[in-house]
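As structure tokens, the structure follows; a few thoughts come after it.
The values are calculated or read from the model by the stated rules, or taken from the named source; none is laboratory data. Given the structure is predicted, the values throughout are model-derived calculations rather than measurements. Here Cβ is always computed from backbone atoms with ideal geometry, including for glycine, and neighbour counts include all displayed protein chains.
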Amino acid sequence: MDGSVTSPRAVPRDVRRWAAPALTAGVALGGLAVLHAWTPGAHSFYPPCPLLTLTGFYCPFCGGLRATADLTHGDVAGAFARNPIVPPLLLVALLAWARWAWSRAVGRNWRPALGTRSTYWLLGFLVVFMVARNVPGWTWLSPA
């Protein structure tokens with residue numbers, strides 16, 4: 001040995017740009033594949049909703065796994081019946097991921113800007129939705 005130090009090869013810049021969006025997409029697609037293969041209604045290894053277990057009340061996301069599984073099978077009506085906010089929420093998440101991936105590809109660092117007012121509106125909507133889906137007799141909002 002002559003005492004020289006060699007540094008590891010640097011990861012190319014374009015690979016670093018796509019690494020996080022590709023990893024995120026891979027994890028999401030893996031989760032969707034699990035939901036498609038083992039539907040939550042037929043398999044009991046999925047954890048129950050903690051709020052439903054502790055209080056007996058449906059949270060805003062109760063039925064979300066089953067709604068997502070319905071979407072993987074192409075059943076849009078079934079997904080809306082299980083939880084009407086999940087399909088639009090998944091669409092917004094997909095569009096946000098696409099915007100983030102594109103910004104990384106062109107060398108920008110995009111982060112969604114959700115202001116204080118928007119955050120309060122979103123939280124307020126979720127609280128109203130949770131109350132509405134727990135009103136006795138309003139079974140059309142409860143998870144099917």
field: Unique residue being exposed (fewer than 15 other Cβ atoms within 10 Å of the Cβ) and within 15 Å of the chain's Cα centre (by Cα) when the list is Leu126, Leu94
entry: Leu94
task: State all residues of segment 102-123 that are at pLDDT 90 or above and over 21 Å from the mean Cα position of the chain (by Cα); if no residue qualifies, say none.
output: Thr116, Arg117
- prompt: If we keep just the residues of segment 30-41 that are surrounded by 11 or more Cβ atoms within 10 Å (Cβ to Cβ) and among the aliphatic types (A, V, I, L, M), which is nearest to Val135 (Cα to Cα)?
  reply: Leu35
message: One residue is enough: does segment 76-86 have a residue meeting the conditions within 26 Å of Ala20 (Cβ to Cβ), modelled with pLDDT of 95 or more and out of contact with any Pro (no Cβ under 6 Å at 6 or more places or on another chain)?
response: yes
- prompt: How do the pairs read when you match residues in segment 116-142 that are in a helix (DSSP H, G or I) with residues anywhere that are of a type in the set (D, E, K, R), using Cβ under 8 Å and keeping only pairs 6 or more apart or on different chains?
  reply: Leu141/Arg133
- prompt: Do you know which residues across segment 60-77 are over 21 Å from Met130 (Cβ atoms) and of a type outside the set (D, E, K, R)?
  reply: Ala69, Leu71, Thr72, His73, Gly74, Val76, Ala77
message: Can you go through Ala79, Ala93, Ala101, Ala69 and tell me which one is farther than 27 Å from Gly41 by Cα and either in contact with a Lys or Arg (Cβ under 6 Å, 6 or more places away or on another chain) or in a helix (DSSP H, G or I) (or both)?
response: Ala101
- prompt: Under the condition of being surrounded by 13 or more Cβ atoms within 10 Å (Cβ to Cβ) and under 21 Å from Asp75 (Cα atoms), which residue from segment 42-60 is modelled with the lowest pLDDT?
  reply: Tyr46
